[in-house]
Amino acid sequence: MYRSLTIAAAVALFAVPAFAEGSCSKAPASQFQPTSALKAKLEKSGMKVRRIKVENGCYEVYGITASGERTVAAYNARTFEKVSNAEAGEN
């Protein structure tokens, strides 16, 4: 029993970083990268960017994917790291 709990705890400890998600920036707005740079990066990957909103350290991007689907995604405004929750900046 003790061995099973030890193994389960070890697996959980190593699985946590795999499920880690980005978060919005806590830096001042003066340290944010320009929205034009994010737009260029996304358009290079095939997305057609319709609108970018700034909300609490995140860029919320509304666009159309390369396959033609509407999408909403959030990115850290300083690092452009994708945030798993598209509405992250609204919290």
**Q.** Selected residue (criterion: surrounded by the fewest Cβ atoms within 10 Å (Cβ to Cβ)) from residues of the stretch 48-91 that are farther than 24 Å from SER30 by Cβ and touching a Ser or Thr at 6+ places or on another chain (Cβ under 6 Å)
**A.** THR65
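Would you confirm, using the coordinates I've provided, whether ALA77 is under 11 Å from the mean Cα position of the chain (by Cα) and at pLDDT below 95?
So ALA77 fails the test.
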Q. What are the residues in the stretch 24-75 that are touching a helix residue (DSSP H, G or I) at 6+ places or on another chain (Cβ under 7 Å) and hydroxyl-bearing (Ser, Thr, Tyr), if any?
A. TYR59, TYR75
Q: Could you tell me whether the stretch 30-42 includes any residue that is charged (D, E, K, R) and either part of a helix (DSSP H, G or I) or over 16 Å from VAL83 (Cα atoms) (or both)?
A: yes
Q | Search result, residues across the stretch 56-70 that are closer than 20 Å to SER23 by Cβ and either part of a loop (DSSP other than H, G, I, E, B) or in contact (Cβ under 8 Å) with a residue 24 or more places away in the chain (or both) | A | ASN56, GLY57, CYS58, TYR59, GLU60
Q: Give the residues of the stretch 24-47 that are in contact with a Gly (Cβ under 8 Å, 6 or more places away or on another chain), surrounded by fewer than 17 Cβ atoms within 10 Å (Cβ to Cβ) and among the small types (Gly, Ala, Ser), sorted by residue number.
A: ALA27
(Q) Quick test of your reading of the structure: LEU5 fulfils all but one of (1) at pLDDT 95 or above; (2) hydrophobic (A, V, I, L, M, F, W, C); (3) over 15 Å from the mean Cα position of the chain (by Cα); (4) not in a strand (DSSP E or B). Name the failing condition by number. (A) (1)
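The values are calculated or read from the model by the stated rules, or taken from the named source; none is laboratory data. As the structure is a computational prediction, the values presented were derived from the model and not from experiment. No Cβ is skipped: glycine too gets one built from the backbone with ideal geometry, and neighbour counts run over all protein chains shown.
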